[in-house]
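S.K.: Below is one structure. I have some questions about it.
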């Protein structure tokens, strides 16, 4: 596939092996970025930039196996849709099929249904398509900014992306199978498998009502193309407004359950304190835990980096992205004084309530000195990003107002 | 965008629910066969590295460890216990102290 280089001949290794003779011809790639700092508090924040993964372009390498690849943050400044080849990647188990034959693939629907189904991709493509834009964000996006730090995938802010998804409504497929009375949940399983024999297979469940809401989608296309294998080819569940843990990749098995799912990935993993914004004090115990669910509102400045120097007395355009979570963006406000005063940002075109929304503001530093730039999203339900970060031991659901320190000179 | 116009038309067509109109699939899917890269990162040497290499790296590459923040020994004990109990890592009880000590040595408090 385009962009694929085995790790053994990655750019860095090429440079290393090229020696002095190769320096002249490799001058341009040598200048290209090969590492990045994520500016995580407490260090261990340098990451390689990799182009070694199939169907993927430049990505921040968090872990090779199973792959954890972060979208370089610059990508979010280019537009509200995240290119497929730079869309973040996150797998739990390392046994991932590396080839998929579109003629042999089957999606099985079984369990508490009238008529079990075994659907080919041709069957699925023949159903009426559904299309919308939606943000896919890892539960632990921005985990690396938690203080005190917590174990896990040490992401910066790039474990998220927005795409235009096309597929079929899950409801239509479930209706075809006929859900029996007494069904309570629908469980989704993909083709990935545990490396160790007794390891818990990765599976996620939704309530029957949620699964039948007509919005949850079995997607076969993102941004007009088939999904990259590492993003779930050929089918992935799309659960708009909910964290990516539910967006099961390489989906090939749907089971309708007549009792609540108690599998590890629902009962134990991906659970959050049942408190506002999943926020607890470090060390606090005895808090009831519930499965993670809806995204919360977030916003980011995308065109100005921390540490940048800007010209005094000249207006600068500040722009970024925002998303409302499980609903649309009502407003984005911008502050240049660390949140003391705010001005309304101008919102760009609305691509749908689950999408990233581009915003713009203007800022003219009147005097030399340091400025703290902030963006704050208010979603359509009226939820506003808070000024204090939330904390929980798994590092989930960060949505504090982010700050960008700059100086005017 | 042309594609969106086409798809909107398809959706509109489907909404009319004519049983005879079989909509053309919006995309043609092609089989995929790829190779995933192996890890080139190595763990720093030190007491217990063999145990980590033999047990931990069966499920995940060294990058998982190298990107972790500095955490106290108790946090590393909890991580190793989680890997054994929950993820069923094949780590013998007798190897646990060496693994915890190694992790604390490279990723413990400064």
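The values are calculated or read from the model by the stated rules, or taken from the named source; none is laboratory data. Keep in mind it's a predicted model, so treat the numbers as computed, not measured. Using ideal geometry, Cβ is built from the backbone for each residue, glycine included, and neighbour counts are taken over all protein chains shown.
S.K.: Restricting attention to segment A:177-195, which residues are surrounded by fewer than 16 Cβ atoms within 10 Å (Cβ to Cβ) and more than 14 Å from chain B (Cβ to nearest Cβ)? Spell out the reasoning first.
M.R.: Quick first cut of segment A:177-195, residues surrounded by fewer than 16 Cβ atoms within 10 Å (Cβ to Cβ) only: A:178, A:180-182, A:184, A:193.
Hits for segment A:177-195 are A:178, A:180, A:181, A:182, A:184.
S.K.: Can I ask one more? Looking only at residues that are at the interface with chain B (Cβ under 10 Å from one of its Cβ atoms) and over 23 Å from residue A:148 (Cα atoms) in segment A:34-50, which one is surrounded by the most Cβ atoms within 10 Å (Cβ to Cβ)? Write out each step before concluding.
M.R.: Let us first name the residues in segment A:34-50 that are at the interface with chain B (Cβ under 10 Å from one of its Cβ atoms), namely A:38, A:40-48, A:50.
Within this subset, residues satisfying the condition of being over 23 Å from residue A:148 (Cα atoms) are A:48, A:50.
Numbers: A:48: 20, A:50: 24.
The qualifying residue surrounded by the most Cβ atoms within 10 Å (Cβ to Cβ) is A:50.
This table checks each residue for (1) within 7 Å of another protein chain (Cβ to nearest Cβ); (2) farther than 23 Å from residue A:393 by Cα; (3) not in a helix (DSSP H, G or I).
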residue	(1), (2), (3)
B:46	no, yes, yes
B:50	no, yes, no
B:57	no, yes, no
B:68	yes, no, yes
B:82	no, no, no
B:89	yes, no, yes
B:97	no, yes, no
B:105	no, no, no
B:110	no, no, yes
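S.K.: Can you tell me which residues in segment A:264-279 are under 21 Å from residue B:82 (Cβ atoms) and buried (at least 17 other Cβ atoms within 10 Å of the Cβ)?
M.R.: Listed by number, the residues that qualify are A:265, A:266, A:269, A:270, A:271, A:272, A:273, A:278.
S.K.: Another question about this same structure. Within segment A:266-284, track down each residue that is within 13 Å of another protein chain (Cβ to nearest Cβ) and farther than 12 Å from residue A:391 by Cβ.
M.R.: A:267, A:268, A:269, A:270, A:271
S.K.: Shifting gears a bit: Of the residues in segment A:287-302, how many are within 22 Å of residue A:134 (Cα to Cα) and not in a strand (DSSP E or B)? Please lay out each step first, then the result.
M.R.: Residues of segment A:287-302 within 22 Å of residue A:134 (Cα to Cα): A:291-302.
After this cut, where a residue has to be not in a strand (DSSP E or B) as well, the list is A:292-293, A:295-297, A:302.
Residues flagged as within 22 Å of residue A:134 (Cα to Cα) and not in a strand (DSSP E or B) within segment A:287-302 amount to 6.
S.K.: Just the residues that are part of a loop (DSSP other than H, G, I, E, B) and either more than 21 Å from residue A:244 (Cα to Cα) or away from chain B (no Cβ under 11 Å) (or both), please, taken from segment A:55-66.
M.R.: Keep residues of segment A:55-66 that are part of a loop (DSSP other than H, G, I, E, B), which gives A:55-58, A:64-66.
A:57, A:58 - these are the residues of segment A:55-66 that are part of a loop (DSSP other than H, G, I, E, B) and either more than 21 Å from residue A:244 (Cα to Cα) or away from chain B (no Cβ under 11 Å) (or both).
S.K.: Can you tell me which residue in segment B:70-80 is surrounded by the most Cβ atoms within 10 Å (Cβ to Cβ), limited to those that are at the interface with another protein chain (Cβ under 9 Å from one of its Cβ atoms), part of a helix (DSSP H, G or I) and touching a residue at least 24 places away in the same chain (Cβ under 8 Å)?
M.R.: B:76
S.K.: Looking only at segment A:67-93, filter to residues that are out of contact with any helix residue (DSSP H, G or I) (no Cβ under 9 Å at 6 or more places or on another chain) and in a loop (DSSP other than H, G, I, E, B); which one of those is nearest to the other protein chains (Cβ to nearest Cβ)? Write out each step before concluding.
M.R.: Filtering segment A:67-93 for residues out of contact with any helix residue (DSSP H, G or I) (no Cβ under 9 Å at 6 or more places or on another chain) gives A:70, A:73-74, A:76-81, A:85, A:93.
The next check asks that each one be in a loop (DSSP other than H, G, I, E, B); those that pass are A:78-81, A:93.
On the way: A:78: 17, A:79: 13, A:80: 14, A:81: 11, A:93: 8 Å.
Looking at residues that are out of contact with any helix residue (DSSP H, G or I) (no Cβ under 9 Å at 6 or more places or on another chain) and in a loop (DSSP other than H, G, I, E, B), I get A:93.
S.K.: Suppose we filter A:352, A:307 for residues that are in contact (Cβ under 8 Å) with a residue 60 or more places away in the chain, under 28 Å from the mean Cα position of the chain (by Cα), over 30 Å from residue A:132 (Cβ atoms) and in a loop (DSSP other than H, G, I, E, B); which single one remains?
M.R.: Details: A:352 fails: over 30 Å from residue A:132 (Cβ atoms).
Of the residues listed, the single one that is in contact (Cβ under 8 Å) with a residue 60 or more places away in the chain, under 28 Å from the mean Cα position of the chain (by Cα), over 30 Å from residue A:132 (Cβ atoms) and in a loop (DSSP other than H, G, I, E, B) is A:307.
S.K.: To continue, here is another question. Could you check residue A:321 against (1) part of a strand (DSSP E or B); (2) surrounded by fewer than 20 Cβ atoms within 10 Å (Cβ to Cβ); (3) touching a helix residue (DSSP H, G or I) at 6+ places or on another chain (Cβ under 9 Å) and say which number it fails?
M.R.: (2)
S.K.: Right, something else. I'd like the full set of residues that are surrounded by 20 or more Cβ atoms within 10 Å (Cβ to Cβ) and farther than 12 Å from residue A:276 by Cβ, limited to segment A:378-390. Reasoning before the result, please.
M.R.: The first filter runs over segment A:378-390 and keeps only residues surrounded by 20 or more Cβ atoms within 10 Å (Cβ to Cβ), leaving A:379, A:385, A:390.
Answer for segment A:378-390, where residues must be surrounded by 20 or more Cβ atoms within 10 Å (Cβ to Cβ) and farther than 12 Å from residue A:276 by Cβ: A:379, A:385.
S.K.: Can you tell me which residues in segment A:94-116 are assigned to a strand (DSSP E or B), crowded, with 19+ Cβ neighbours inside 10 Å and within 14 Å of chain B (Cβ to nearest Cβ)?
M.R.: A:100, A:107
S.K.: Now for a different question. In segment A:196-228, what residues are in contact with a helix residue (DSSP H, G or I) (Cβ under 8 Å, 6 or more places away or on another chain), surrounded by fewer than 21 Cβ atoms within 10 Å (Cβ to Cβ), farther than 16 Å from residue A:293 by Cβ and at pLDDT 95 or above?
M.R.: Selection gives A:200, A:203, A:212, A:214, A:223, A:224, A:225.
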